[in-house]
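Notes for the one structure printed next.
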């Protein structure tokens with residue numbers, strides 16, 4: 001039978017667990033040692049009336065189990081890194097990371113993954129450098145195309161635009177999901193939303209291309225203010241689509257679009 005703990009002893013254990021989560025998270029990452037998830041379980045225990053002694057015993061056992069799993073994972077990784085094939089895989093992963101790390105990251109003071117930060121930066125670059133000028137080749141008489149362009153313009157906002165009080169919607173959703181899931185799943189949910197946006201952009205560009213074929217390719221006037229030379233509509237659509245393809249490939253989304 002477990003010895004009954006005093007309230008002070010329970011608080012001491014809870015604070016010790018907090019310290020341990022922070023220490024291990026700093027060294028091994030928050031995906032494995034998620035202090036926020038621990039705090040959520042603690043709050044839930046308080047709300048539901050679960051005995052705190054039972055709670056701390058269970059949490060201590062859970063934390064020890066995490067450390068045991070970490071030790072097993074480290075041993076597996078040690079064995080793997082000794083194999084030539086694994087080294088090739090690691091090199092491939094590093095090369096792939098270099099491709100998306102070339103984009104300037106956004107929201108670096110948040111807990112979203114590095115990949116998500118760089119994805120937001122890539123989307124912002126595409127928005128500023130290509131998307132805003134796509135409006136120059138949308139036929140203003142094609143009300144459906146104008147409506148779709150405006151809607152897609154709004155769809156960029158949840159990934160790149162913040163206010164003094166709020167982060168972009170998809171970034172806030174990512175942070176909320178970190179309290180429900182591990183980092184890998186939260187990251188996957190976020191990137192799926194990103195894939196959905198890129199799919200819609202690609203379909204819209206193909207629509208513009210078909211319209212240009214139907215009515216005949218015409219020149220797009222130069223925009224000296226923004227450094228844009230005169231070019232044919234299809235030439236500009238192709239240039240924009242190529243940049244979109246580069247973004248898709250840099251984040252390994254091609255098989256999803």
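Each residue in 72, 3 was given a count of other beta-carbon atoms within 10 angstrom of its own, and listing them fewest first yields 3, 72.
As a size descriptor, the averaged projected area of the C-alpha convex hull of the stretch 111-211 was calculated at 7.1 nm². Using the Cα gyration tensor of the stretch 7-82, with a ≥ b ≥ c the square roots of its eigenvalues, what is the shape: rounded (a/c below 1.5), prolate (a/b larger than b/c) or oblate (neither)? Prolate, since a/c reaches 1.5 and a/b exceeds b/c. Across the chain, the relative contact order, built from alpha-carbon pairs under 8 Å that are at least six residues apart, equals 16 percent. Put simply, when 139-150, 14-25 are sorted by average Cβ atoms within 10 angstrom per residue, most first, you get 14-25, 139-150. At full extension, residue 169 and residue 152 could sit 4.6 nm farther apart than now, given 0.36 nm per residue minus the alpha carbon distance.
With a ≥ b ≥ c the root eigenvalues of the C-alpha gyration tensor of the stretch 154-206, is it rounded (a/c under 1.5), prolate (a/b larger than b/c) or oblate? Oblate, since a/c reaches 1.5 and b/c is not below a/b. Between 0 and 90 degrees, the angle of helix 233-250 with respect to the longest Cα principal axis of the chain falls at about 20 degrees. Roughly how tilted is helix 183-215, in degrees to the nearest 10 and between 0 and 90, from the longest Cα axis of the chain? Helix 183-215 sits at roughly 10 degrees to that axis.
When the Cα centres of the stretch 94-171 and the stretch 1-56 are compared, how far apart do they sit, in Å? Cα centroid of the stretch 94-171 versus Cα centroid of the stretch 1-56: 38 Å apart. Just checking the listed ones, 127, 174, 28: in the Gaussian network model of the chain with Cα springs under 10 Å, the one fluctuating most is 28.
Extending 7 Å from the Cα toward the beta-carbon at both residue 58 and residue 4 defines two label points whose distance is 2.1 nm.
Full extension of the chain between residue 18 and residue 142 yields a length gain of 38.8 nm, computed as 0.36 nm times the residue separation minus the alpha carbon distance. By the gyration tensor of its Cα atoms, with a ≥ b ≥ c the square roots of the eigenvalues, what is the shape of the stretch 1-158: rounded for a/c under 1.5, prolate for a/b over b/c, or oblate? Oblate, since a/c reaches 1.5 and b/c is not below a/b. Here the Gaussian network model covers the chain, with springs between Cα atoms less than 10 Å apart; of 188, 231, 96, 231 fluctuates the most. Result for the chain in a Gaussian network model with C-alpha springs under 10 Å: among 219, 168, 158, the largest mean-square fluctuation is at 219. Helix 143-160 and the longest principal axis of the Cα set of the chain meet at an angle near 30°.
Taking each DSSP H run with n ≥ 4 as -39500 (n - 2.57) and averaging over every residue of the chain yields -23500 deg cm²/dmol at 222 nm.
Every number here is computed from the coordinates shown, using simple stated rules; none is lab data. On a predicted model such as this, the values are computed, not experimentally measured, just so you know. When we count neighbours, we look across all protein chains shown, and the Cβ atoms used for this are built from the backbone with ideal geometry, even at glycine.
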